[in-house]
Every structure is written in structure tokens, then in C-alpha cells.
Amino acid sequence: MLDFDIIDAHHHLCDFSRSYPWLQGPAEPFRYHGDDRPLRRNYLIEDYLADTTGFTLAGSVHVENGAADPLWEADWIQNVHDTSGVPSVQVAKASLAGPGVLSHLERLAAVPSVRGIRDILNWHPDPRYTHISRPDLITDPGWLKGFSHLASLGLSFDLQVFPDQLDQAAQLAANHPDTSIILDHAGMPIHRDPESLRHWRTGMQKLAKQPNVVTKISALGTNDHSWTTQSIRPIILETIDAFGPHRTMFGSNFPVDSLYSSFNALYTAFDEITGTMPERERRDLFAETARRTYRIPPEPTTGKPVPHGTTAPT
């Protein structure tokens, strides 16, 4: 078991009394993440903390969970933060090509725990994989105009794309050097044959050359439902090799990745795979890169999150 703090850089909560379009409607045919019927329920902070039992959780980053009303979701997560101390910060949802995007972003930037925005860009010709209806949204002038507001509002951008889009992502980062970009899910290597992995590796190395980009290793089960420590080892080590520990962080992607393993199994694998690395680098991967990237205040814990505005026990 890890003997130092972790900050989970990517997880979700769900209040199923509200609308989450991606979890509604027919379950079949299953999309690439598999049978999501077990996710069609509440997943509240109590459920998340139960999943993380046994680890010294020093904080977490909530990433928008596709709620139909992103403003409600941001306010709800802020309330959870104020009540429970976790999530520490959040990444909210905005459609950057949508009408009135500047006022939407200003509204989200005013929520104290909001650090960044996600607008999912995954495009794939196979309808089971794609999240959007067009392959060129990342280069669309209207979308780019929305993206250009982020830096002035102090907002980062969580970038979620597939390997075929990593070249476009590198160009986006190069054209907006003042915007902090966090690549979600290690570039989502959804195909694991040698040629696909070579293509993913090349794209990751190109993106890593942009100094305003960091990455998070998460959703490994989403892309490998029957993962083992051995099957995810090269993805983890090659991602770290491309970006360095100082620009790489670990996230659980729970509850989605609870479809494939327990939190304990996932973080035990992270621990085993990085076990020979220097402690300083491991602390970056498990907590400090997330703390720096998402501007999470250093708050000591004793294994339980500290409620906002209180003092941790000594």
C-alpha cells in the first residue's frame, strides 16, 4: 500500500435525479466503454470515499460528468466541496463553439472550485467510438474563438482526443502557449496492435514538446476492459517517458473505471509499475503534478479529506 498522499486527478460524481444524457436511453448497442448500466445510479461523495478507502487521499479533481445542465453541475460540485472538502477542485463543462460561450465561461470561472473546462473532442469514424459529429471541430474558427477566452479567465483546458487527433492537439497547444492544456487519459490508445501503439507514441511525443501541456494517466480500463498490470505497464511507462513525472499525473476515472477494477487494484498497479522510480518522481505522479496543475492548496491530511475551512488533525 502506498505510504504517501495521493491526489486523484480525474474522477466523477453523479446525482441521477438530474439528467445525464450519455447515461440515458438504450444501453445497447454498447459503446467503447462497454455496458454502462451499472453506472446508471447515484455516485455521490460517500460512494467515492468508500472506493478510496485505504489510501491517504489528499485531494481530488472532479471532471464534468456530462450533466445536461453544466451550470447546475458546477454549483453542485462546489456545494459538495464546501460540505466535504473533496473534490478539491473541478473541471466544468462548456461547449466552446456554442452561443453565448463567453458569458457561460465567465459564470463558471466565478465558481471558486472551478479550475478548468472540458469540451470533449473525441472523433472517430466508427459511431461506437465518436463523441462528436465532425472531425474538424478542434480547428473550427468558432470553437477556437471560444477556446481563446480561457487564458484570460484563468481557466485551463482538459483535452480529450484519440491518437489520430494528437497532431491537431499539438498544433492547438503551439498556437495558444498561454493556455494550460491537460491531456486526458494518456491520449486514449484505444487500439493496442503494434502499429496503433506506434502511431499513439509518435503523437504523444509530438504533443509533449509543447511546454504548456501536461497529461494524466487515467481511463486505462476504458480502453482495455480486461487490463492487467502487464498490459498497462507500457502505456504508463511510455507516457511518463514522453512527458516526464513533473508533467504526468494519475487519475482513477471512477466510477467509469469501476466497471473494470477496484480503486485499490488500479492504484496498486500504479504503485507496482512505478515502484523502482525515485520517491520524488512518484510523489509528482501520485499527487504533486495534480496539485501544481490544478492549483490545489497544500492541506495535510491523515487519510481522510479535510472539510473546507477546517484544520486537519495533527
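Can you report the number of residues in the stretch 164-213 which are over 20 Å from residue 32 (Cβ atoms) and not in a helix (DSSP H, G or I)? Counting residues in the stretch 164-213 that are over 20 Å from residue 32 (Cβ atoms) and not in a helix (DSSP H, G or I) gives 12.
Taken over the stretch 85-144, residues that are among the aliphatic types (A, V, I, L, M), under 22 Å from residue 171 (Cβ atoms) and surrounded by fewer than 16 Cβ atoms within 10 Å (Cβ to Cβ) amount to 1. Within the stretch 70-88, residues that are farther than 22 Å from residue 103 by Cβ and polar (S, T, N, Q) sit with their Cβ atoms under 6 Å from residues that are part of a loop (DSSP other than H, G, I, E, B) and modelled with pLDDT of 95 or more, at 6+ positions apart or across chains, in these pairs: 88/296.
In the condition set (1) more than 30 Å from residue 163 (Cα to Cα); (2) outside any loop (DSSP other than H, G, I, E, B); (3) not β-branched (Val, Ile, Thr), residue 116 is compliant with all but (1). Pairs linking a residue in the stretch 191-215 that is under 21 Å from residue 227 (Cα atoms) to a residue that is assigned to a helix (DSSP H, G or I) and charged (D, E, K, R), with Cβ atoms under 7 Å and 6 or more positions apart or on different chains, are 201/238; 215/247.
Taking the stretch 90-131 as the range and being of a type in the set (S, T, N, Q), in contact with a His (Cβ under 7 Å, 6 or more places away or on another chain) and closer than 21 Å to residue 78 by Cβ as the test, the residues that pass are 90, 113.
Selection of the stretch 12-60 for residues being more than 16 Å from residue 265 (Cα to Cα) and assigned to a strand (DSSP E or B) yields 14, 31, 34, 43, 58, 59, 60.
A quick yes/no check of all residues on (1) buried (at least 22 other Cβ atoms within 10 Å of the Cβ); (2) among the hydroxyl-bearing types (Ser, Thr, Tyr); (3) at pLDDT 95 or above; (4) not in a helix (DSSP H, G or I):
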residue: 230; (1), (2), (3), (4): no, no, yes, no
residue: 236; (1), (2), (3), (4): no, no, yes, no
residue: 242; (1), (2), (3), (4): no, no, yes, no
residue: 265; (1), (2), (3), (4): no, no, yes, no
residue: 275; (1), (2), (3), (4): no, no, yes, yes
residue: 286; (1), (2), (3), (4): yes, no, yes, no
residue: 295; (1), (2), (3), (4): no, no, yes, yes
residue: 301; (1), (2), (3), (4): no, yes, no, yes
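For (1) over 22 Å from residue 154 (Cβ atoms); (2) more than 18 Å from the chain's Cα centre (by Cα), each residue gets a yes or a no:
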| position | (1), (2) |
| --- | --- |
| 50 | yes, yes |
| 70 | no, no |
| 76 | no, yes |
| 81 | no, no |
| 88 | no, no |
| 95 | no, no |
| 99 | yes, yes |
| 104 | no, yes |
| 107 | no, yes |
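The values are calculated or read from the model by the stated rules, or taken from the named source; none is laboratory data. As the structure is a computational prediction, the values presented were derived from the model and not from experiment. Cβ atoms come from the backbone with ideal geometry, glycine included; neighbour counts cover every protein chain shown.
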